[in-house]
Each structure stands twice: as structure tokens, then as C-alpha cells.
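See structure below.
The values are calculated or read from the model by the stated rules, or taken from the named source; none is laboratory data. Nothing here was measured: the structure is a model prediction, and the numbers come from that model. Cβ placement follows ideal geometry from the backbone for every residue including glycine, while neighbour counts extend to all protein chains displayed. Side chains are part of the model used for accessible areas, which takes the heavy atoms of the whole protein and leaves out ligands, DNA and RNA. Shrake-Rupley method; radii C 1.70, N 1.55, O 1.52, S 1.80 Å.
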Amino acid sequence: MKTVIVVHGGAWAIPDMLAEASMAGVKNAAWAGDAVLKNGGSAIDAVEKAVRSLEDDPSFDAGHGAVLNIDGEVELDSIIMDGETLATGAVASVRNIANPVSLARAVMEKTDHVMLTDRGASMFAERIGIPIADDLVTELERKDWEQSSSFPVGVEKFFNTQWGHDTVGAVALDSLGNVACATSTGGIRNKMVGRVGDSPIIGSGGYADNRSGAVSCTGHGESILKVTLARLILFHMEQGKSATAAAEASLQYMGERVKGCGGAIVVSSTGDWAASFTTPCMAWASIKEDVLHCGLNPKEDFTERLK
């Protein structure tokens, strides 16, 4: 089976000052995931590695670049899912964890549960030795938060102007034919304390099933939750649509039904992949058969053959 990795850095109105960093970040994440796959690693290892790379990059709203809630605090959400077994782990409203995707994987592998939140997730992280991080808030985010307005106005600005960041994610297909997904986010600036969007919710922010494929979503979380976007995309693929057609049909439906915008990356169990969005921009990159594809603006697809 030919391996595939696809990553995204969030669907929103990416400003010119962040365009170069966003593109560099998604390409670095794709390379990191591809290296795992090329060495015979699993899809679940590849998506965790790719998303950790994005969480460590302050250009993105996850981990070290997370936006702040209404009280000026970081609250992080993440999910990871194995398409072979449907094993899933998720965390929501966690603080002081640099790589929530790895904590989500620990929930999947070391507990009998699917999701842990807030205090319980922090207690679990401490118990298994995940270190506390006190450096997640960037100077730029603190400045933007101080200048930002209320949440309802912020949502509009978040996805249609330069004032926001959004979710990161990855999907992969490994050499054994297994798929996996991972999604991670700091949410939307000025959200209520305890607000959880789509990212850690199975079937909304992400889903993976070897019988169809894997999806990671990004965009307006409340809208994505209402249409269970990740599962909707896979439903269309199960009905015979290509990855691109399924993603585009589902995003169009979300826009028409609940007026929400966003994006998704997809890989099928046969290696068909897509990166689609209805926001002004989405930084994304993929690697398949030593060819890197990447883009930022609508209809953009740059290619580069890897050595």
C-alpha cells in the first residue's frame, strides 16, 4: 500500500504576515509524518507526530500558539483515532499541556475511556508523567486578545479577517492499509470558559475507519458539530463519492444548512486524498509517492518532488 499523509493548519482568513510561516509549518508537519510512514510506522504514529509538530509551532492555534478564552486562559482540545480498531482518545479544556494530541493518545491506550476533560485530564497527565508547560501563550496572542472584541463578533472576524487562527490536524494511510486521524486546537478567541468545539468530538472534528477513510476538520466548531462533518464526509465516500467530492458536498451542506464555514482534509482507505475549504484560506500539505502537494488559497496546489 502506498502511504499518504495530509495535514492542515486551520481554515480561516490567514493574513499575509503569517502566510509564509503557515506554509512552512504544514510542510514541516507533512515531512515529519511522512518520515514515520517511510520507516514502516503506523498511521496513528504518523498523525501524532505531524500534529505534535503543529502544536509546537506558534503560528498555529494549538499547543504553543493557542488563543485565549474570555478570561485570558488557554483551554485545549484534541482527538486521535485509529481506523483499524476505531479506538479513540480525546481531551477537552486542558491547560498547561504542550501536546494535547499525545495526552489524547494516552487516554486511548491507557484508560477505559474515550474522553477526559479539564481537571480529570490534568490529573491523568500528571499521573502518567506528562510535564506541565507554562509557555503556551505567545506575546502576539496576548496582544491580540487584549485588542479583541466579544465572542459573537469575534467568530465572524475569526474566520473572515486576520484576527484568528484555527485548528490543526492530520490524516494518514500506512503501508498496511490502516488509516488514522488527529485534530488539535485552542478553540476560538474569547470563547466562554469551558466551551468545547468540534475538535475533540468523535465524528465531528475527526473520524477514522479503515472501511472508508479518515478525516480531520477545521472551522466554526458549533457549525461542524451540528452536521457531524467528519462522519458526513465519510458517509458520502461510502456512497461512492471521491474524497474531494465528499468533502466539497459536505462543506457546501454545512454552509447552506447552518451558515458555517470551514475545511477538511481526507484520505480514503485506497489512498485517494483531498484538502477542501470554504474559508478564505487553509494552509495544507500532503505527501504521497514522494510528491509534496501544498496550498493556502482556493484552487492552489503547488507540487514538489522529494529527493
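Taking a ≥ b ≥ c as the square roots of the eigenvalues of the Cα gyration tensor, the stretch 212-307 is oblate, since a/c reaches 1.5 or more and a/b is not larger than b/c. Of the residues 245, 58, 40, the one whose Cα sits farthest towards the positive end of the charge dipole of the chain is 245 (charges of +1 on Lys and Arg Cβ, -1 on Asp and Glu Cβ, taken about the Cα centre). Estimated from the Cβ-Cβ distance and a Förster radius of 30 angstrom, the FRET efficiency linking residue 299 and residue 270 is about 0.80.
Overall, the chain carries a charge dipole of about 500 debye about its Cα centre when +1 sits on the Cβ of Lys and Arg and -1 on the Cβ of Asp and Glu, all other atoms neutral. Largest GNM mean-square fluctuation among 97, 79, 70, using the chain with Cα springs under 10 Å: 70.
Across all Cα pairs in the stretch 169-235, the calculated P(r) in 10 Å bins from zero up to the longest distance comes to 24, 48, 21, 6, 0 percent per bin.
Here the relative contact order of the chain, from alpha carbon pairs under 8 Å that lie six or more residues apart, stands at 25 percent.
Only helical runs count toward this figure. For the chain, summing -39,500 (n - 2.57) over DSSP H runs of n ≥ 4 and dividing by all residues gives -11000 deg cm²/dmol at 222 nm.
For the pair residue 1 and residue 113 in one chain, pulling the backbone fully straight at 0.36 nm per residue adds 37.2 nm over the alpha carbon distance.
The computed Rg and Dmax of the Cα atoms in Å for the structure shown corresponds, within [x] 21.9, 74; [y] 20.1, 67; [z] 17.1, 50, to [z]. First check a/c for the stretch 12-159, with a ≥ b ≥ c the square roots of the eigenvalues of its C-alpha gyration tensor; if it is under 1.5, answer rounded, and if not, answer prolate when a/b is larger than b/c or oblate otherwise. Cα axes put the stretch 12-159 in the oblate bin. Expressed as a whole percent, the accessible surface of the stretch 1-77 that belongs to carbon and sulfur atoms is 49, based on a 1.4 Å probe. Probe radius 1.4 Å, ligands and nucleic acids ignored: give me the carbon and sulfur share of the accessible area of the stretch 156-307 as a rounded percent. For the stretch 156-307, the apolar C and S fraction of the accessible surface comes to 51 percent.
Each Lys and Arg Cβ is given +1 and each Asp and Glu Cβ -1; about its Cα centre, the stretch 1-94 then shows a dipole of about 500 debye.
Counting only Cβ charges, +1 for Lys and Arg and -1 for Asp and Glu, the dipole size of the stretch 187-307 around its Cα centre is about 400 debye. A full extension of the chain between residue 13 and residue 256 corresponds to an added length of 85.5 nm, given 0.36 nm per residue minus the alpha carbon distance.
Protein heavy-atom accessible surface, 1.4 Å probe, per residue over the chain: 40 Å².
Measuring nothing but how far apart in sequence close Cα pairs (under 8 Å, 6+ apart) lie, relative to its length, the stretch 166-247 scores a relative contact order of 26 percent. Largest GNM mean-square fluctuation among 116, 234, 140, using the chain with Cα springs under 10 Å: 140.
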